[in-house]
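> There's a structure below that I have some questions on.
Coordinate-derived values only; no laboratory data. Quick caveat: nothing in here was measured; it's all calculated off a predicted structure. Cβ sites come from the backbone with ideal geometry, for glycine too, and all protein chains shown count toward neighbours.
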Amino acid sequence: MKVILCGYHWTGCKALELLLDEGHEVFVYTHKAENCVADLAGLCEKKRIKYSLEKIGINNMPFKPDIICSIYYRFIIDSEVIDYVNGKIFNLHPALLPKYRGCSSLTWAIINGEQKCGYTYHYIDAGCDTGDIILQKEIIIEDFDTQLTLYNRVMFEAMKDFIVVFKHVVANMPGIKQNGESSYYKRGCPFDGIITNEMDDKMKERFIRAMIYPPYPVAQYEGNDIRTFMEYQDLLKKSLGSYNS
């Protein structure tokens, strides 16, 4: 089949390998890799797969695809592209939709004290993460999880279902309408990465863990890097000691 993969990060790389293992002809749209993520463009070069760093559009597609897969793609895909492939286009979102649409879904789930999160494969429509659900699974959020560990745990499990979902979409099987209370978070670092005095201690502890994703900045408090809740408590003790003296 002729497949377009819109991807990024190690999950995009894994999706490419899975598609090639299935014998499909693949063209990739991706982004320039930051130094903290696996380089999908570099993998394409290694495997001699054609790719583009441009945003996917009707005028720059190399062929009419049978299906389009979106795995950690950072651009909104236009309606004309969705129509061009007759709706055979799906996305992997790291949340239990309809909750946590948008960006930083796992980060916000930790901050908000959720006990579980998960992933959703869904058809792409004109909205943001609003398409019908193809497959959805829950993952428990552990008390020790950082943004990094939770992302990797969720996406590792999600990629096990990639080919199953791919075949579901190829067969034109319907999804399930999203139901329940929805929420949306825009792109950007929660609270600008700063611990505020409005947070209670439990939220501060969760927030600190939610900011751990090297090499991105850790949580900040009064200009200091905070990597653990113990570091935060030690800083408060030192500040209080200086004040009392």
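> Expressed as an acute angle from 0 to 90° and rounded to the nearest 10, what is the orientation of the C-alpha long axis of helix 9-21 relative to the principal long axis of the chain?
30 degrees
> If contacts are Cα pairs under 8 angstrom and at least 6 residues apart, what is the relative contact order of segment 190-244 in percent?
29 percent
> Still on this structure: log10 I(q)/I(0), Debye, Cα-only the chain, no solvent, q = 0.14, 0.16 Å⁻¹?
-0.92, -1.14
> DSSP loop trypsin sites (Lys or Arg not before Pro) in segment 121-163 with at most 14 other Cβ atoms within 10 Å of their Cβ, which ones?
Taking segment 121-163 and a limit of 14 other Cβ atoms within 10 Å, the loop trypsin sites (Lys or Arg not before Pro) found are Lys160.
> Give me the angle, in degrees from 0 to 90, between the Cα long axis of helix 229-244 and the longest principal axis of the Cα atoms of the chain, rounded to the nearest 10.
Here the helix axis deviates by roughly 30 degrees.
> Please compute the net charge surrounding Asp83, taking Lys and Arg as +1 and Asp and Glu as -1 over other residues with Cβ under 13 Å from its Cβ.
-1
> Can you list which of the GluC sites (Glu not before Pro) found in segment 91-170 are DSSP loop residues with at most 13 other C-beta atoms within 10 Å?
Filter output for segment 91-170: Glu142.
> Shifting gears a bit: Just for segment 27-156, what percent of DSSP beta bridges are antiparallel, to the closest 5?
Once the DSSP bridges in segment 27-156 are tallied, antiparallel ones form about 65 percent.
> ³J(HN,Hα) across segment 50-63 via Karplus (A = 6.51, B = -1.76, C = 1.60, θ = phi - 60°), whole Hz, x for Gly/Pro?
Ordered by residue, 3J(HN,Hα) equals 6, 8, 9, 9, 7, 5, 4, x, 4, 7, 10, 6, x, 7 Hz.
> Using only the alpha-carbon atoms, how far is helix 201-210 inclined from the longest principal axis of the chain? Give it as 0 to 90 degrees, nearest 10.
The answer is roughly 40 degrees.
> In addition: Going by amide H atoms built from the backbone, whose H comes under 5 Å of the H on His24, apart from near neighbours?
Long-range HN contacts for His24: none found.
> Find the relative contact order for the chain and round it to a whole percent, using C-alpha pairs within less than 8 Å whose residues are 6+ positions apart.
Answer for the chain is 17 percent.
> Still on this structure: How about segment 1-87: which GluC sites (Glu not before Pro) there lie in a loop by DSSP and see at most 15 other Cβ atoms within 10 Å?
Taking segment 1-87 and a limit of 15 other Cβ atoms within 10 Å, the loop GluC sites (Glu not before Pro) found are Glu22, Glu34, Glu54.
> For every helix of n ≥ 4 consecutive DSSP H residues, a contribution of -39,500 (n - 2.57) applies; sum these over the chain, divide by its total residues, and give [θ] at 222 nm rounded to the nearest 500 deg cm²/dmol.
-10000 deg cm²/dmol
> Which percent, to the nearest 5, of DSSP beta bridges fully inside the chain are antiparallel?
45 percent
> Separate question: Tally Lys and Arg at +1 and Asp and Glu at -1 over the other residues with C-beta under 11 Å from the C-beta of Lys137: what net charge comes out?
-1
> Taking H as built 1.01 Å from N, whose amide H comes closer than 5 Å to the amide H of Ile89, not counting residues under 5 places away?
Amide H to amide H, under 5 Å and 5 or more residues apart or across chains, Ile89 pairs with Ile68, Ile124.
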